[in-house]
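Structure first, then comments.
The values are calculated or read from the model by the stated rules, or taken from the named source; none is laboratory data. Just so it is clear, the structure is predicted and the values come from calculations on it, not from any experiment. In this analysis, Cβ positions are derived from the backbone assuming ideal geometry, glycine residues included, and neighbour counts consider all displayed protein chains.
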Amino acid sequence: MRTPRNDRLGDTHRASRRGQHAPERRCVVTGEVAPAERLVRLALGPDGAIAPDVHGKAPGRGAWIGVPQAELEAAQTKGKLKGGLARALHGGDFTVPADLGARIAAQLQRATLDRLGLEARAGTLILGNDRIEEAARRGRVHLLLHAADAGEDGRRKLAQAWRVGEGDEGSSREGLVLPVDRNALSMALGRENAVHLALTDARAADRVLAHLSRWQFFTGWFRDAANRGPDTDSRSAGNEAEPTDSAASDA
């Protein structure tokens, strides 16, 4: 699973550099092992139904996935997802909702927007072209974000100010285009016309990226401010290894 293009190190990378252990889990679809914070947990509910648990806090048994939505749905159609879950949960007495992928995407979106709302209330997120441009030129912007329907001119102007503030003129540094429009952002933040956002605290930027990277990866939305299309470097369905040990489960 990849981190959005924004030239930043995530918590997992910093932890490994400090010699700290990052908990790992095995994806039940591909068999690949990755840091748990980059995967999505699936929890087994008391009613026997599998449900997404993107915060990883639901009680009881669970398993993990680290594939995009399209690949998950293909594995579900072929029965591969249920087989992987049965191995991880040590039994097949459960049901998988047909719209599991859509439920995961909705939870990942909600978690990211909630995180942005928390940062706005904490004062680590600013809005408005003038405020962001001033902060960017002073080197105070750690993460630049845009609504999906943000204008190209506005994105370019703020990206240029960011490069100036970072002493990175001439580079391709740009903000990240979010998979939602200004209306969704405005509702999430409780502000009017939320089009461009900037995180002015490094830790806050890392917190947002932790949520955003999982959301973007799962939905296939790897787009920078130049409006490139969905990422083409993702794993292709049908080339996964079978899971071989209990790292797939947290039971």
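Do we find that Arg115 is in contact (Cβ under 8 Å) with a residue 60 or more places away in the chain, outside the structural domain of Val180 (by TED's automatic domain parsing) and surrounded by 15 or more Cβ atoms within 10 Å (Cβ to Cβ) in this structure? It would help to see each step written out before you state the result.
On the way: in contact (Cβ under 8 Å) with a residue 60 or more places away in the chain: yes; outside the structural domain of Val180 (by TED's automatic domain parsing): no; surrounded by 15 or more Cβ atoms within 10 Å (Cβ to Cβ): yes.
No: the conditions fail for Arg115.
Can you pull out the residues in the stretch 62-119 that are among the polar types (S, T, N, Q) and closer than 30 Å to Ala147 by Cβ?
The initial filter retains those residues of the stretch 62-119 that are among the polar types (S, T, N, Q), namely 69, 76-77, 95, 107, 109, 112.
Residues satisfying the conditions are Gln69, Gln107, Gln109, Thr112.
How about the stretch 66-92: which of its residues are among the charged types (D, E, K, R) and either closer than 15 Å to Ala51 by Cα or buried (at least 16 other Cβ atoms within 10 Å of the Cβ) (or both)? Break it down stepwise before answering.
Narrowing the stretch 66-92 to residues among the charged types (D, E, K, R): 71, 73, 78, 80, 82, 87.
Matches in the stretch 66-92: Glu71, Glu73, Lys80, Lys82, Arg87.
Output the strands (runs of 3 or more DSSP E) that fall wholly within the stretch 29-114 and possess 1 or more residues being at pLDDT 95 or above and over 21 Å from His211 (Cα atoms), or say none. Give the steps one after another, and end with the answer.
Details: elements: 33-35, 40-44, 50-53, 62-65.
Filter on the stretch 29-114 gives 40-44, 50-53.
If we scan the stretch 157-170, do we find a residue that is small (Gly, Ala, Ser), under 25 Å from Gln109 (Cα atoms) and out of contact with any Ser or Thr (no Cβ under 6 Å at 6 or more places or on another chain)? So that I can check it myself, show each step before the final result.
Here is the first cut: in the stretch 157-170, the residues small (Gly, Ala, Ser) are 159, 161, 165, 167, 170.
If we keep only those that are under 25 Å from Gln109 (Cα atoms) too, we end up with 159.
Next, from what is left, pick out any that are out of contact with any Ser or Thr (no Cβ under 6 Å at 6 or more places or on another chain): 159.
Looking for residues that are small (Gly, Ala, Ser), under 25 Å from Gln109 (Cα atoms) and out of contact with any Ser or Thr (no Cβ under 6 Å at 6 or more places or on another chain), one finds at least one in the stretch 157-170, hence yes.
Working only within the stretch 41-60, note down all residues that are of a type outside the set (Gly, Ala, Ser) and crowded, with 18+ Cβ neighbours inside 10 Å.
Arg41, Leu42, Leu44, Ile50, Pro52, Asp53, Val54
Determine, yes or no, whether Ala34 is under 30 Å from Val141 (Cβ atoms) and outside the structural domain of Val208 (by TED's automatic domain parsing).
Working: under 30 Å from Val141 (Cβ atoms): yes; outside the structural domain of Val208 (by TED's automatic domain parsing): yes.
Yes; evaluated as a whole, the condition is true for this residue.
Could you tell me which residue of the stretch 40-83 is farthest from the chain's Cα centre (by Cα), considering only residues that are more than 15 Å from Leu108 (Cα to Cα) and of a type in the set (Lys, Arg)?
Looking at the filtered set, the residue picked out is Lys78.
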